[in-house]
Amino acid sequence: MPLRETGRRMRLRRTGRVPTDARVRHYDELDEDTQVAVLELAGRPRTAPETGDLDDGDVVKFTDYYEVRAR
């Protein structure tokens, strides 16, 4: 799924707690563009264009759990 053209940016924030209502996505379930974005953002204070695979509040299981924040 391609990157969205919403103008919103996303950031990944490591989290030790997964909210019960969060949608959890595993890295290997994500499309290739989103996997590249996760690799770039995990553990770094960077942003990237919002992807079609992830929404604000989702949690990605990668090397740790990362919460998606999109603005």
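Just so you know, all these numbers are worked out from the coordinates, no wet-lab data involved. None of these values were measured; they are calculated from a predicted model.
For a quick check: with amide H placed at 1.01 Å from N, whose amide H comes under 5 Å from Tyr65's, ignoring anything fewer than 5 positions away on the same chain?
Distant-sequence amide H within range of Tyr65: Thr15.
Residue by residue through the range 58-67, which ³J(HN,Hα) values in whole Hz follow from phi under the Karplus form 6.51 cos²θ - 1.76 cosθ + 1.60 (θ = phi - 60°), with glycine and proline marked x?
Couplings: 5, 10, 10, 8, 10, 6, 9, 8, 10, 8 Hz.
Between Asp56, Asp31, Asp21, which gets the highest mean-square fluctuation from a Gaussian network model of the chain, Cα cutoff 10 Å?
It is Asp21.
At a threshold of 8 angstrom on Cα-Cα distance, excluding pairs fewer than six apart, so keeping six or more, what relative contact order does the range 9-70 reach in percent? Don't skip to the end; give the middle numbers.
Details: 104 pairs, mean separation 32.2, N = 62.
The value is 52 percent.
Out of all DSSP beta bridges in the chain, what portion is antiparallel? Express it as a percent rounded to 5. Working shown, then result.
Numbers: 11 of 14 bridges.
Just about 80 percent of them are antiparallel.
Report the gain in length on full extension from Glu32 to Arg71: 0.36 nm times residue separation, minus Cα-Cα distance, nm rounded to one decimal.
Working: separation 39, 0.36 × 39 = 14.04 nm, distance 2.21 nm.
Working it through step by step, the gained length comes to 11.8 nm.
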